[in-house]
Structures are given as structure tokens and as C-alpha cells.
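What follows is one structure encoded as C-alpha cells, with my remarks underneath.
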Amino acid sequence: MTDSVYVGNAGRDAALDRGWLLGHFKDTSDPRHSEDVEIKWGVHPQGEKRAQWVSGEQRTALLVLISGRFRVELPGRSVLLAEQGDYVVWGRGVDHSWSAEEDSVVLTVRWPSAPGYQVTDEDDPAVGRSHPPSTATGTPIP
């Protein structure tokens, strides 16, 4: 068995896979492959909103505000994350949506890592958005 370490930058690596840094969707040879958990570094400009509500979610999620003001919409409840470190957790079966009230960075952790709801390219405002070129890339270290 070979252990591996991956060293990268969340901002640069996130641009490669819609923000997702870790999960079942990474190649099985990649140290970031996980069937247990998914981690996303979300960078959202002011005014960006989720194209559609997520419904039928089968994972539990934790969303932590790194910077900005970020609103999470849940059935019958609207949660504003306004101070660094504010977070919200929702369980399986809880529909949700979100919007960035200011330029925002959020860290999302959801589990288990399993195929689920995905916005199509035509519905995703982040697809096609220009990302700064990487000056360094993450490198697997054997």
C-alpha cells in the first residue's frame, strides 16, 4: 500500500472541479478521492444565486462562512451567515438554495460522498466564468 499526500491551493484547485476539492468524483488514485466526505471551496461573487433549489438531498451538509455575507434558504427558514466562522448544518432530505449577498467564500462539507443532485452546465452561473490562471498546481507526493 502506498500512502499519498496532495499539496495544493483551495482557490486554484477549486476552479478545476466546480469548487469541489475532495469526494467520490476524484480519480481513485488521487489522495482527494473519498467515499466518505466531500469538501468544496466556494467562491461566489455578490449577487450569485443557486440556479435551482436542491431537492431530495441524501447527504448531510455543513457550510462555513470564510468571508462575505452568504444566505442559505431552507424550507420555512432563511439563514444569513454574516461573520467569519458562522455556519449552518442541515440533514438528509432538507431542500436548500443559496445566494451571495456580498462577494463570499464558503467551505462546504457534506457526507457521505455519493452521486447526487448536480446543476447542469447551462444552469450553473459558475460554468464558463473566468478563473485566474494557476501559478502553482497541487502536486501528489508519493
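The values are calculated or read from the model by the stated rules, or taken from the named source; none is laboratory data. Fair warning: this is a prediction, and the values are worked out from it, not measured in the lab. Note that each Cβ is placed from the backbone with ideal geometry, even for glycine, and that neighbours are counted across all protein chains shown. Keep in mind that these areas ignore ligands, DNA and RNA; they rest on the heavy atoms of the full protein, side chains included. Shrake-Rupley method; radii C 1.70, N 1.55, O 1.52, S 1.80 Å.
For Glu102, only one of the following conditions fails: (1) in a loop (DSSP other than H, G, I, E, B); (2) touching a strand residue (DSSP E or B) at 6+ places or on another chain (Cβ under 7 Å); (3) at pLDDT 95 or above. What is its number?
(2)
Suppose we filter Val109, Val79, Val88 for residues that are within 19 Å of Gly11 (Cα to Cα), at pLDDT 95 or above and open to solvent by less than 40 Å² (accessible area, probe 1.4 Å); which single one remains?
Just a single option satisfies the conditions, and that option is Val109.
Could you grab me the full set of residues in region 16-29 that are in a loop (DSSP other than H, G, I, E, B), open to solvent by 30 Å² or more (accessible area, probe 1.4 Å) and in contact with a Phe, Trp or Tyr (Cβ under 9 Å, 6 or more places away or on another chain)?
The answer is Asp17, and nothing else.
Any residue that is open to solvent by 50 Å² or more (accessible area, probe 1.4 Å), at pLDDT below 95, of a type in the set (D, E, K, R) and farther than 23 Å from Ala100 by Cβ - is there at least one of those in region 4-15?
no
All but one of (1) closer than 21 Å to Val94 by Cβ; (2) open to solvent by 20 Å² or more (accessible area, probe 1.4 Å); (3) at pLDDT 95 or above hold for Gln58, so report the exception by its number.
Of (1) closer than 21 Å to Val94 by Cβ; (2) open to solvent by 20 Å² or more (accessible area, probe 1.4 Å); (3) at pLDDT 95 or above, only one is false for Gln58: (3).
Which pairs have Cβ atoms under 6 Å, sit 6 or more apart or on different chains, and link a residue in region 3-30 that is under 14 Å from Val109 (Cβ atoms) to one that is of a type in the set (D, E, K, R) and open to solvent by less than 60 Å² (accessible area, probe 1.4 Å)?
Pairs found: Gly19/Lys40; Trp20/Lys40; Leu21/Asp13; Leu22/Arg32; Gly23/Glu38.
Could you list all residues from region 61-91 that are of a type in the set (Asp, Glu) and out of contact with any Phe, Trp or Tyr (no Cβ under 7 Å at 6 or more places or on another chain)?
In the first step, residues of region 61-91 are kept if they are of a type in the set (Asp, Glu); the result is 73, 83, 86.
Correct list: Glu83, Asp86.
Could you look through region 39-55, keep only residues that are assigned to a strand (DSSP E or B) and at pLDDT 95 or above, and pick out the one that is surrounded by the fewest Cβ atoms within 10 Å (Cβ to Cβ)?
We begin by selecting, within region 39-55, every residue assigned to a strand (DSSP E or B); these are 39-44, 49, 54.
Still in the running and at pLDDT 95 or above: 39-44, 49.
On the way: Ile39: 20, Lys40: 20, Trp41: 20, Gly42: 21, Val43: 21, His44: 22, Lys49: 13.
Ranking the qualifying residues of region 39-55, first place goes to Lys49.
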